[in-house]
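Here the structure is laid out as structure tokens; the discussion comes afterwards.
Each reported figure results from applying straightforward, stated rules to the coordinates on display, with no laboratory input. A quick note: this is a predicted structure, and the numbers were derived from the prediction, not measured. Cβ sites come from the backbone with ideal geometry, for glycine too, and all protein chains shown count toward neighbours.
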Amino acid sequence: FVTVASIAAGIQFGWALQLSLLTPYSQLLGVPHTWTAFIWLCGPMSGLIVQPIVGYYSDCSTSKFGRRSPFIAAGTILVAISVFLVGYAADLGKSLGDSLNQKTKPRAVALFVIGFWILDVANNTLQGPCRAFLADLSEGDPRKTRSANAMFAFFMAVGNVLGYAAGSNRNLYKIVHFTKTQACNEYCANLKTCFFISIILLIALVFFALVSVKEPKFEKQINEADQKGGSLRFFKEIIGALKNLKRPMWLLMLVTCLNWIGWFPFLLYNTDWMGKEVYGGAVGDELFDEGVRAGALGLMLNAIVLGVTSFAIIYLARGFNNAKVMWGIANFVLCICLAMTIWVTKAAEDYRKHADHYQNPSSGVKAGALSLFAILGMPQAVTFSIPFALASIFSESSGAGQGLSLGVLNLAVVVPQMLVSVVSGQIDAAFGGSNLPAFVLGAVAAGASGVCALTLLPTPASDLPTSKAISSMSFAGH
């Protein structure tokens, strides 16, 4: 479990860099704030298509190298390609004709978007098979499945800590001097250096896991008709899986969907919020850059709390004797924290109005903002583990493979992200470019997710006394 789950650290290192640095970086290349969210649309779209497809084909794979390993290796190669395109977008854009005096650098933006898309495809190619690999190793044991997903969330936290720590360091580029060029300033050079570190870490973890862990053998193999079906058969399978979903899985997808409508605005705009609303900067100036680095520091605190909570979930779930209760409470915490961003923003604005010589927010405002980042690590740990564990448990009665089942659940993650990507930029623009309207939308959705988790989700059989477990298993099968 530990060796395979550790791949999450390499994956999440890259995700952490995306979440903390790429939104500000895209605006430095000249992408307007309103359109930044549309660039992030590529992530959920690739997740909508790629992860279920990869899950299906990894379930059906008869490769001598294993069911999951070839996809994990392919995803790693794609990450390396995407990192080069994103990191060198400004340099390549200049070589192709971009002027350094232009506010918007169209060629650099095009290369950045292509690299961004490939990076999201790569991450989705990696995540699904890694989680399915853990489910295979769990051999259908619900408690092992929950523990494996908690371990995966822990290593995601490790990757977050490393990624956000790297992103908050303004002098990291000095380690690799060639990263700073005429077209790529210190911020851009730091981004390059961070990505170099992330790909080295990912390759090392993937190599060690694939060499040292032997995949379980499964008697079920796909027949010749299945092999000839190709992509068309996949879409038939995914539609069939949705048609045959039992009520618990539909309810799980509803709660997950609302949960991610709550999460995505914060994941999309957290460092942008710090740079603009909390620090009062404008894109490209010193205050904005300082705010972005402070946001990366906050995300590092978030990751530390996430890691600790991920380990604690294994024991807390036993204490509650009910995983859905923990998830419901976590959603209410998310709701409160998103609502509190309004208070922090107003406090920062009031400080700027009354300060004689404003440089940075007051210590109280900084502490309030960083506290929100840290506290959000607790519900994030729950979001990264409990839903996937419940999906593995609920899907046992459906007969679907773990890869396909987790791919179906991923639809409930990416569809709300697509919704938020489409509407958040327009909503923010209607309110003068502020990030707060999207945060308020997230708070409402998180509250609704908490209510649904507590009132609608069935209790997994493994969390019930023996006398009730039978009836729950019967309920899950009808």
Practice problem: Determine the distance separating the Cα centre of the range 84-136 from the Cα centre of the range 277-315; give it in Å without decimals. | Solution: 22
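May I ask you to derive the FRET efficiency for Lys64 and Trp35 from their Cβ-Cβ distance with R0 = 56 Å, giving the value to the nearest 0.05?
On the way: r = 46 Å, r/R0 = 0.82.
E(calc), rounded to 0.05, equals 0.75.
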Quiz item: What's the local net charge at Leu96, with K and R +1, D and E -1, over the other residues with C-beta under 11 Å away?
Solution: +1
Self-check item: Positive-end extreme of charge dipole, the range 97-143 - chosen from Leu111, Gln127, Ser99 (charges on Cβ)
Solution: Ser99
Self-check item: Residue-count net charge about Phe84 - beta-carbon cut-off 14 Å; Lys, Arg +1, Asp, Glu -1
Solution: 0
Quiz prompt | Label-point separation, Lys243 to Ser99 (7 Å along Cα→Cβ), nm | solution = 5.9
